[in-house]
Amino acid sequence: MRIEDVILGILTSGIRLATPYLYAGIGETFGQRSGVLNLGVEGQMLLGAFAAFYVVRMTGNLWLGLLVAILVGGLMGLAMAFVSVTLRAKQGISGIGFFLFGLGLSDLLFQKMLGTVQTVSGFRPVAIPLLSQIPVLGQVFFNQNLLVYGAYLMVPVAAFVLNQTTFGLKVRAVGENPEAADSLGVNVARVRYTTVTLGGMFSGLAGASLSIALLNVFQQNLTSGLGFIAVALVYFGGWRPWGVLAGALLFSMVNALQLWVQVLGLPIPSEFAVMMPYVLTIVALVVAVQRVRPPTALTKPFVREG
Amino acid sequence: MKHRWATLWASPIIDALLPVFATLAALLVVAVMLLVLGANPLVAYAALIDGAFGSVNSLADTLVRATPLLFVGVGICIAFRGGVINIGGEGQFVAGALCATLVGLYFADGHPLLVVPLAMLAGALGGFVWGGIPGLLKAHFNVNEILSTVMMNQIAVQGMNFLLIGPMIDPIQLERASRIPQTARLSSAFDLPRLAPTRLHLGTLIAIIMAVLVYILLWRTTLGYRIRAVGLNREASRYAGINVAQHIALSLALSGALAGLAGAIQVYGVNFRMFTDGSATGFTGSAGFHGIVAALFGQLHPLGTIPAAFFFGGLLVGANKLQRAVQVPGALIVTLNGLVVVFVVSTELWRQQRTRMRAAESLAERDDAHPASPAAEVAST
């Protein structure tokens, strides 16, 4: 195999593999910017992945599968919002509860309703006319499936919403200084409900992107820590969509590299290759935390005084 | 004069029972799920209870299953009291089990009374290091420990897979085509003694003793006092001259040490070797996560964690019987545990309100009992 082909392969799969990180990471960015740390992303992704896979397996309708995954994720997000905003529960722990819930339930439903590992024909690559004809770049960037394009489109949209719109301003205000936002008439609870539910919907979408677009299978613990990495990417990206994009690309490239190390049979034990993204996450967290300050009200429930 | 039911309702006993109410609520939700899945919840729960506590053997199995939960849970108590969240029980468990197994394999001909304690120590040390790394990162670089411990879990699993497929594989497996990734069986001289003609082993007793020791550590020693002080208020602790960074790192490391010990006990008391199915759960049985549930249920108190671990160990053992009785996969228990966690933390608001209510009431009563003294009135005029 020529070295050019290998590099091309790594880039193409790297661009693809960033998809779930992007959806989940950007959804989580909104939640965290408004002051809520949702650690249940992994559980939301698993349920979304299962829901999408099951619907597609039964009906063959990809868009219906996607819609159901988003609804399931949104429902989980709404529950997380209720627990952390209305009941003011500790976010780190309640998130782990939602993770276990999603892990168990997706496994349970998988065993009960599917039984064995099956495959579906998911979203297929769609070549963008003209652009996909560009040598090298066309193959890497413009011959992917729709969910991949969607993930990259999300980045500028999310950055715009967060930085240029009234809603974005409210989100940031609520995350930095909920008391001040409240005194200016912003409904803190409503903003947080919105962002956390939205985050859940994106996590469901992220799960679906795995089960009906990238891998086209479902099995127990399909995500294996991917949701947690997505949360870490939000820290790494300094709570900004573009930063999340940089992190997601870095990780997916390392992941793609890792896959190719195994494909090429390089004399590196595959376990060490699989380990790499996780080690990198820890290193990235050390680096990232020194650079940017988290939203001031992150993990702090809001109680109106008086 | 308040009615005595009202007094009872306001009493701290109800607070202590909050996790029980939360668990009942979770059981109720799961009952609805069972109905949706077409299973009779009463039959399911009856099978669950019977499978967990119905016979001497199942009781012994419950205790054996509760043992790692208790170790991990008690460790979780230390971390939470120190103000850090340890999600890395799985990795610390694996790290401890690996270190303990290495000791047993290396000193295969050693005297059990030397080798086994050494192996336990090695296990605790493995967990101490595996928990200490995120601890140091938290203390000195302010790295979110929840995320770093999750990553450490994945790293430990890959390390385990590498070692069990490669350097530590059972020599017998090397000759076979199957190459099952497991170590050789440790010398049977090292097996932890059985406590009864069941699978119950000495490790359960050690776990209970550790729970008591950790209680003493946290509430009866200076070190424990400092850990709790740091957990309650870092700024105030710093002001009081406590080395906050050191105690944060230490509480995660100690938490890890207990999970590591759990791994060592699992090897020497239950499996007598290490094996892997590629995931952490295959070997740990998710003790690292279920231990968190037990600790929360035990109100993050080492002694409260003892009955909690017993209860959740029972659920895990009973799940098999439930699966056979109503054909619902045992993963149901993971779902249930997730709900228990969510519901238990959700009662926190209620607890705070009740504490505030009691404080206000006792203040009011005190004012009733001691009206301002005449002397004070004179002085103020």
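The values are calculated or read from the model by the stated rules, or taken from the named source; none is laboratory data. These numbers were taken from a predicted model, which means no experiment stands behind them. Every residue, glycine among them, receives a Cβ derived from its backbone with ideal geometry; neighbour counts consider all protein chains shown.
Filtering A:Leu100, A:Leu87 for residues that are closer than 25 Å to B:Phe343 by Cβ, within 12 Å of chain B (Cβ to nearest Cβ) and buried (at least 20 other Cβ atoms within 10 Å of the Cβ) leaves a single hit, A:Leu100.
For every residue, the table says whether it meets (1) within 13 Å of chain B (Cβ to nearest Cβ); (2) assigned to a helix (DSSP H, G or I).
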| site | (1), (2) |
| --- | --- |
| A:Ser209 | no, yes |
| A:Phe228 | yes, yes |
| A:Gly238 | no, no |
| A:Val261 | no, yes |
| A:Phe272 | yes, yes |
| A:Leu280 | yes, yes |
| A:Leu285 | yes, yes |
| A:Ala288 | yes, yes |
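Any residue that is among the acidic types (Asp, Glu) and under 20 Å from A:Tyr278 (Cα atoms) - is there at least one of those in segment B:145-164? Looking through segment B:145-164, at least one residue is among the acidic types (Asp, Glu) and under 20 Å from A:Tyr278 (Cα atoms).
Here the condition is being under 30 Å from B:Gly110 (Cβ atoms) and more than 21 Å from the chain's Cα centre (by Cα); of B:Arg234, B:Arg176, B:Arg226, it holds for B:Arg176 alone. Taken together, B:Ala376, B:Ala372 contain a single residue that is at pLDDT below 90 and either within 14 Å of chain A (Cβ to nearest Cβ) or not in a helix (DSSP H, G or I) (or both), which is B:Ala372. Per the listing A:Ser203, A:Ser224, the residue uniquely in a helix (DSSP H, G or I), of a type outside the set (A, V, I, L, M) and either crowded, with 24+ Cβ neighbours inside 10 Å or within 10 Å of another protein chain (Cβ to nearest Cβ) (or both) is A:Ser203.
Every residue, every condition in (1) touching a helix residue (DSSP H, G or I) at 6+ places or on another chain (Cβ under 8 Å); (2) at pLDDT 95 or above, yes or no:
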residue: B:Ile209; (1), (2): no, yes
residue: B:Val212; (1), (2): yes, yes
residue: B:Tyr215; (1), (2): yes, yes
residue: B:Asn233; (1), (2): no, no
residue: B:Gln246; (1), (2): yes, yes
residue: B:Ala249; (1), (2): yes, yes
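All conditions but one from (1) within 23 Å of A:Thr119 (Cβ to Cβ); (2) within 14 Å of another protein chain (Cβ to nearest Cβ) apply to A:Val254; the one that does not is (1).
For segment B:158-181, filtering for residues that are touching a residue at least 60 places away in the same chain (Cβ under 8 Å) and either within 12 Å of B:Leu98 (Cα to Cα) or touching a His at 6+ places or on another chain (Cβ under 8 Å) (or both) leaves 6. Of note, A:Gly73 satisfies the criterion of being part of a helix (DSSP H, G or I), within 24 Å of B:Ile333 (Cβ to Cβ) and either in contact (Cβ under 8 Å) with a residue 40 or more places away in the chain or not charged (D, E, K, R) (or both). Of all the residues in segment A:99-125, those that are part of a loop (DSSP other than H, G, I, E, B), within 30 Å of A:Gly9 (Cα to Cα) and free of Cβ contacts under 8 Å to residues at least 60 places away in the same chain number 1.
For segment B:57-81, residues that are within 14 Å of another protein chain (Cβ to nearest Cβ) and of a type in the set (Gly, Ala, Ser) total 2. For segment B:95-137: of the residues being within 14 Å of chain A (Cβ to nearest Cβ) and over 21 Å from the mean Cα position of the chain (by Cα), which is surrounded by the most Cβ atoms within 10 Å (Cβ to Cβ)? Only one residue fits best here, namely B:Leu137.
Of everything in segment B:298-336 that is among the hydrophobic types (A, V, I, L, M, F, W, C) and more than 20 Å from B:Gly51 (Cβ to Cβ), the residue that is nearest to the other protein chains (Cβ to nearest Cβ) is B:Leu300. Selection of segment B:337-354 for residues being within 7 Å of chain A (Cβ to nearest Cβ) and more than 22 Å from the chain's Cα centre (by Cα) yields only B:Leu349.
Scanning segment A:47-60 turns up one or more residues that are under 23 Å from B:Val340 (Cα atoms), within 14 Å of chain B (Cβ to nearest Cβ) and part of a helix (DSSP H, G or I). Against the conditions (1) touching a helix residue (DSSP H, G or I) at 6+ places or on another chain (Cβ under 6 Å); (2) free of Cβ contacts under 8 Å to residues at least 24 places away in the same chain, A:Val196 satisfies every one except (2). Within segment B:138-156, the set of residues being more than 16 Å from B:Ile85 (Cβ to Cβ) and buried (at least 18 other Cβ atoms within 10 Å of the Cβ) comprises B:Gln154, B:Ile155, B:Ala156. Here B:Gly91 clears all of (1) touching a Phe, Trp or Tyr at 6+ places or on another chain (Cβ under 6 Å); (2) surrounded by fewer than 23 Cβ atoms within 10 Å (Cβ to Cβ); (3) small (Gly, Ala, Ser) except the condition numbered (2). Being farther than 30 Å from A:Pro178 by Cα and touching an Asp or Glu at 6+ places or on another chain (Cβ under 9 Å) holds for only one residue in A:Leu17, A:Leu62, A:Leu46, and it is A:Leu46. For segment B:178-207, a residue qualifies if it is in a helix (DSSP H, G or I) and touching a helix residue (DSSP H, G or I) at 6+ places or on another chain (Cβ under 8 Å), and the qualifying residues are B:Ala189, B:Phe190, B:Leu202, B:Gly203, B:Thr204, B:Ile206, B:Ala207. For segment A:292-302, the criterion of being closer than 28 Å to A:Val6 by Cβ and either crowded, with 18+ Cβ neighbours inside 10 Å or touching a residue at least 12 places away in the same chain (Cβ under 8 Å) (or both) is satisfied by no residue at all.
When you look at A:Ile128, is it in contact with a Gly (Cβ under 6 Å, 6 or more places away or on another chain), more than 14 Å from every other protein chain (Cβ to nearest Cβ) and either buried (at least 20 other Cβ atoms within 10 Å of the Cβ) or under 22 Å from A:Gly14 (Cα atoms) (or both), yes or no? Taking the combined requirement at face value, the residue does not satisfy it. Of everything in segment B:228-246 that is without any contact (Cβ under 8 Å) to a residue 24 or more places away in the chain and not aliphatic (A, V, I, L, M), the residue that is farthest from B:Thr67 (Cα to Cα) is B:Tyr239.
Residues in segment A:27-67 that are of a type in the set (Val, Ile, Thr) and in contact (Cβ under 8 Å) with a residue 60 or more places away in the chain: A:Thr29, A:Val36, A:Val41, A:Val56.
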